[in-house]
Every structure is written in structure tokens, then in C-alpha cells.
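Laboratory data are not the source of any read-out in this text; all were calculated from the coordinates shown. Predicted model, so just to flag it, every value in this text is computed and none were measured. Cβ placement follows ideal geometry from the backbone for every residue including glycine, while neighbour counts extend to all protein chains displayed.
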Amino acid sequence: MQNDIWFRPLVWMDYRLGVLFTVIIPLILLIWAFVQRADAIVRLLIIYWRVSSLMAIALYLMIPAWPIAFVASFGSRLLVPVSLWFWEDINDDIDDRPLRPLKLALTAWRWAITVYLTLGALAFLPFLSCAFSPGSIKSPFCNVWLEAPRLYKQFFHSGSTTSPQFLGFLGMVGLIIYVLYLSYFVLIRLGKQGRSAMEQ
């Protein structure tokens, strides 16, 4: 039975930590950096929000229980930490800033979310089978990851006629756009600008 899934509390804890580390804290940091006119930090956080949109895409793909959601979720856990440390010019600008509360908070968050998502990616590896094994998405092993997205739908789309399939369609459109832009960046822009974020 689903109630016997021993790791259910860990899955829910992961979603709660995800809200804290990937939404609340970076939003506070972005507002803080904007108020203090810390341009390098603002640029870093804007890039972060672009890359981390894959997490929201994965959430919407999980609402109708589409297996590709597990691939998107795993990919987001890999791409976000890379996006936070990849840019040489931003790293240099942040390193040159005086040691103030904003810089300390940003550095602490960067390390915390990097560790959290890296460990999360390792722990998520067994669940990639939910994307590739036919019919496994309906198993309790996989279904436990769909509980929070369904609750999200009830909370944010309650009373609407929006079906899970339509929300999944929106997620799929987002995923296609995301993959196209990522491909363009890796194949074209990365060769031109390297690890500089000036054009981001």
C-alpha cells in the first residue's frame, strides 16, 4: 500500500526544502541585491531564475503523471548548481566585494543549495526508472513524488476547469522552449562568450 512507503516523509521534506532553498531564499536575495544595487549578484540571480525554471516545468509535468517529469526534475538538480558557479566574471565581481551581510548570505546560500541539489540528484537516481520503465509511473514507488504536485494543483488551480493534461501541456511547451534555448546556448553562445555572463 502507498501508506507503507517508508521514504514518503523524505520526499515531502525534499519538497519543503526545495521551496525554501530554490524559491524563498533566492527571492529575498534578489530583492536585497536589487535594493543595494549589487549588479553582479543581480545578474547571477537572474541567471539562476532562468535555469531553475526547469524545476517549475518538472512540477507541471508531474501533475498529469508524465514520465518525462522525472528526467526534467533530475536535470534541474544538475543544472542549477552549475549555473551558480559557472560565470568567471560574476565570480570575480562577487569576490571583489567587501565582506558584507549580502555577500555572506549569498555565499552561504550558493554552497547550501549546491550541496542540497547535488545530494538530491544522487538520491533521485533510482527514481529515473519511473521515466524509462513502462507502467512504473503508476507504482507507489514513483507515485509518491506526484503527491506534492497534485496538492499544488489543488491549492493554486482549485475551482478551475484546468485539467491535469492541460497543465502538463503547458509544462511540455515550457520544456521544449527550455531545451531549445539550452541547446542554442551550449552549441552557439558558449563558444562565442565562454564563461562570461555579460551577454546573459
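A compact table of results
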| item | result |
| --- | --- |
| Förster radius 22 Å - calculated FRET efficiency between F7 and L78 (Cβ-Cβ, nearest 0.05) | 0.55 |
| Nearby lysines by direct alpha-carbon distance to K138 (threshold 24 angstrom, same-chain neighbours under 8 apart not counted) | K153 |
| CD proxy at 222 nm, helix term only [per DSSP H run n ≥ 4: -39500 (n - 2.57); per residue of the chain; nearest 500] | -22500 deg cm²/dmol |
| Percent of Cα pairs exceeding the 26 Å cut-off, where the set is the range 2-193 | 38 |
| Cα-based helix-to-principal-axis angle, 68-85 vs the chain, degrees rounded to 10 | 10 |
| The range 118-194: Cα Rg divided by the 2.2 N^0.38 Å rule of thumb | 1.47 |
| Residues of type aspartates and glutamates that K103 reaches as a straight line, Cα spacing below 15 Å, ignoring anything fewer than 8 places off in the same chain | D39, D92, D93, D95 |
| Folded to 0 to 90 degrees: helix 164-184 orientation relative to the chain principal axis, Cα | 40 |
| Extension gain, V35 back to H157 (0.36 nm per residue minus Cα-Cα distance, nm) | 40.7 nm |
| Förster radius 25 Å - calculated FRET efficiency between E147 and L180 (Cβ-Cβ, nearest 0.05) | 0.20 |
| For the range 20-97 and the range 131-160, distance of Cα centres in Å | 24 |
| With Cα atoms, 0 to 90° folded angle of helix 39-62 axis to the chain main axis | 10 |
| Cut-off 12 Å between beta-carbons: net charge of the residues surrounding Q36, Lys and Arg +1, Asp and Glu -1 | +3 |
